[in-house]
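As structure tokens, the structure follows; a few thoughts come after it.
Where a number appears in this text, it was derived from the coordinates with a stated rule and is not lab data. Owing to the predicted nature of the structure, the values given are computational and were not obtained by experimental measurement. Because the Cβ atoms are built from the backbone with ideal geometry, glycine has one as well, and the counts that use them run over all protein chains shown.
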Amino acid sequence: MTSESKEVLLAEAIRLRDQGRLEEAREHLLALATRFPDDAEVAYRTAAIHDRLGLESEAVAHYERCLSGTGLSDENRRGAFLGLGSTYRVLGRYAMAVDTLRLGVSQYPDDGALQTFLAMALFNIERHHEAMQILLTLLATTSHDPYVQQYRRSIEHYSKDLEETA
């Protein structure tokens, strides 16, 4: 790797990724991660390329490093919570997925994707009621479907207690 700036090298890795040259991008990002081990942005991009290639086990350490560091944009921090939580879930580490996604939702309560992935992880640990509550609330508050909106109050009401019938 040359003495080019981190920004130039990171842009090159992103260009490779965008061109579909994923393995080359991964190799480039791994070299960057070695050169800049404390850089949260590099760790995030490295984690994400591993995820995209289906190398979830290898992505975990990079996600953990980027979330423990500083300097990550809000957008990428959201992505890191979702990526790590989803990766834990895919690996069958459901409790860790729930913990990670809950932390993400607590920091970004308006993020419907984080809420959705949290609901999936909750389903995996058989917390079905809580998963449904999250999904029904999300549906009621974000759907533009006129038929969902017609019944929004009822959906929100029953999301609190699905066992209630009256």
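If each residue's Cβ is checked for other Cβ atoms within 10 Å, how do V90, V8, V42 rank with the fewest at the top? Please report the intermediate quantities before stating the final value.
Working: V90 14, V8 9, V42 27.
By the 10 Å Cβ count, ascending, the order reads V8, V90, V42.
Dipole size of the chain about its Cα centre, with +1 on Lys/Arg Cβ and -1 on Asp/Glu Cβ: approximately 60 debye, rounded to the nearest 20. Note that segment 136-150 has calculated 3J(HN,Hα) couplings of 5, 5, 4, 4, 5, 8, 10, 6, 9, 5, x, 6, 5, 5, 4 Hz, one per residue in order, obtained from phi through the Karplus relation 6.51 cos²θ - 1.76 cosθ + 1.60 (θ = phi - 60°); glycine and proline are x. The order of F117, F123, F81, going from fewest to most other C-beta atoms within 10 Å of their C-beta, is F123, F117, F81.
Computed from backbone phi with θ = phi - 60° and the Karplus coefficients 6.51, -1.76 and 1.60, the 3J(HN,Hα) list for segment 92-107 is x, 9, 5, 5, 5, 4, 4, 4, 5, 5, 4, 4, x, 5, 5, 7 Hz; x is used for glycine and proline.
Counting other Cβ atoms within 10 Å as a rough exposure proxy, the listed residues H28, H144, H128, H62 run H144, H128, H28, H62 from fewest neighbours to most.
Simple rule: put +1 on each Lys or Arg Cβ and -1 on each Asp or Glu Cβ in segment 78-166, find the dipole, and look at T137, V148, F117; the Cα lying farthest toward the positive end is F117.
A cut-off under 14 angstrom between Cβ atoms defines the neighbours of K6, and their net charge, with Lys, Arg +1 and Asp, Glu -1, is -4. Within a Cβ distance under 11 Å of E56, other residues only, what is the Lys/Arg minus Asp/Glu net charge? Charge balance in the 11 Å sphere: +1.
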